[in-house]
Amino acid sequence: MTTVASGTGVGPLLRGWRERRRLSQLELALRAGSSARHISFVETGRSRPSEDMVLRLAEHLDVPVRERNSLLLAAGYAPRYAETPLGDPAMEALRKGMEQLLNGYEPYPALVVDAAYNVHAANRGIAMLLDSLPEHLLAPPLNAMRITLHPEGLAPRIRNLRQWRAHLLAQMERQIALARSDALRAVYDEVAAYPLPEAGDDAHTGPREDESEAGEAPFPYFALPLRIEHEGQVLSFVSSISTFNTPMDVTVAELAIETLLPADPATVKYLQSLTP
C-alpha cells in the first residue's frame with residue numbers, strides 16, 4: 001500500500017529524490033524539459049506541479065513505481081499505478097511466462113523474488129539446493145536472503161561464505177539507499193545479525209575459499225561465484241538478475257528473476273548428470 005507522511009508536500013519529496021540521485025536543479029530541469037526556476041518553485045512549494053510534470057520528474061529521477069504513487073498523492077492526484085496481487089487472474093499470463101522461463105532454465109537454479117527477497121516461484125534447481133533444510137526456514141513466506149545466510153540454512157554449505165555474505169549485504173544496502181523499504185530494511189537487519197564463523201573457518205570442511213580443488217589450478221572465474229557444496233560436490237555459480245522493462249504495476253515493478261549460471265565445467269557436468 002502506498003502511504004505518504006502527514007503534512008509532507010510533493011516538493012520536499014522531489015527534492016529528496018533529486019539529492020539522492022545527486023542532480024542539481026539545472027541538471028534535472030534540462031532532462032525534464034523544464035527550467036531550474038520552475039524546479040526550485042516546485043521544491044519549495046511555491047508552484048504546484050501538474051500530474052504530467054510529477055510523472056516526468058519521477059521518470060528522470062528513476063523513482064521506483066511504488067514511490068511514484070506517493071509523489072502523486074502528495075501532489076493531490078490519484079495514484080497512477082495499480083498493485084495487483086501476483087495470484088490475481090489478471091496476472092495469469094505473467095505467472096505462466098515466468099514459470100516457462102524457470103522451467104526452461106533447468107537443471108540450473110532460478111527463482112523469482114520481490115523487493116524484500118520473498119520467493120514467489122522457483123525451479124527444481126533451487127529445490128535441489130534447498131534439500132534437507134529445516135522446515136521452519138522453508139515455511140512461507142520463503143525469503144531468499146534468510147535461507148542463504150541463516151546458520152541453519154545454506155550458510156554452512158557455502159565455501160566462500162564471507163565473500164558471498166558481504167556481496168549480498170552490499171546489494172541490499174544499495175537498494176535501501178535508492179528506495180525506501182521498511183520490509184527490506186527488516187530483512188537486512190535480521191540477516192546482518194546472523195553469527196559468522198570464526199575467522200579462517202567458514203563452517204565447512206575441505207578446501208578453503210582461496211584454495212583450488214584437489215591440487216588443481218584455480219578456475220578463472222569472470223565474476224564472484226557462489227561456491228556451495230551439494231552431496232560432497234562443490235558447485236560454482238554466478239548470479240544474474242533480470243527485471244521487467246517499463247512496468248505499469250507496482251507488483252511487476254518489484255519482481256526480479258534471478259538465475260544462477262554455472263561458473264565452471266565441473267558444475268555443468270554435475271547438474272546435467274542429475275537431469276533424467
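Observations
- Hydrodynamic radius of the stretch 14-121 per Kirkwood, over alpha carbon pairs, in Å: 16.4
- Signed unit charges on C-beta, dipole axis of the stretch 89-273, positive-most listed residue 261, 144, 90: 90
- Amide H contacts under 5 Å for residue 82: 250, restricted to partners 5 or more places along the chain or on a different chain, H placed in the peptide plane at 1.01 Å from N.
- Principal-axis tilt of helix 92-105 within the chain, Cα atoms, nearest 10 degrees: 30
- Ranked by how many other Cβ atoms sit within 10 Å of their own Cβ, fewest first, the residues 172, 128 fall in the order 128, 172.
- The charge dipole of the stretch 89-273, taken about the Cα centre with unit charges on the Cβ atoms of Lys, Arg (+1) and Asp, Glu (-1), comes to about 340 debye, rounded to the nearest 20.
- In the chain, Cα pairs under 8 Å separated by at least six residues give a relative contact order of 18 percent.
- Positive end of the dipole of the chain (Cβ unit charges, origin at the Cα centre): among 184, 69, 126, the Cα lying farthest that way belongs to 69.
- For the chain, diffusion coefficient by Stokes-Einstein and Kirkwood Rh (Cα), 25 °C, 0.890 mPa s, µm²/s: 116
- When +1 charges are put on Lys and Arg Cβ atoms and -1 charges on Asp and Glu Cβ atoms, the dipole computed for the stretch 1-114 relative to its Cα centre reaches about 660 debye.
- Orientation-averaged projection of the stretch 10-74 equals 3.5 nm² [convex hull of Cα atoms, one quarter of hull surface area].
Rule-based calculations on the coordinates, nothing more; no lab input. Note that this is a predicted model, so its numbers are computed, not measured. All Cβ positions, glycine included, derive from the backbone under ideal geometry; neighbour counts span all protein chains shown.
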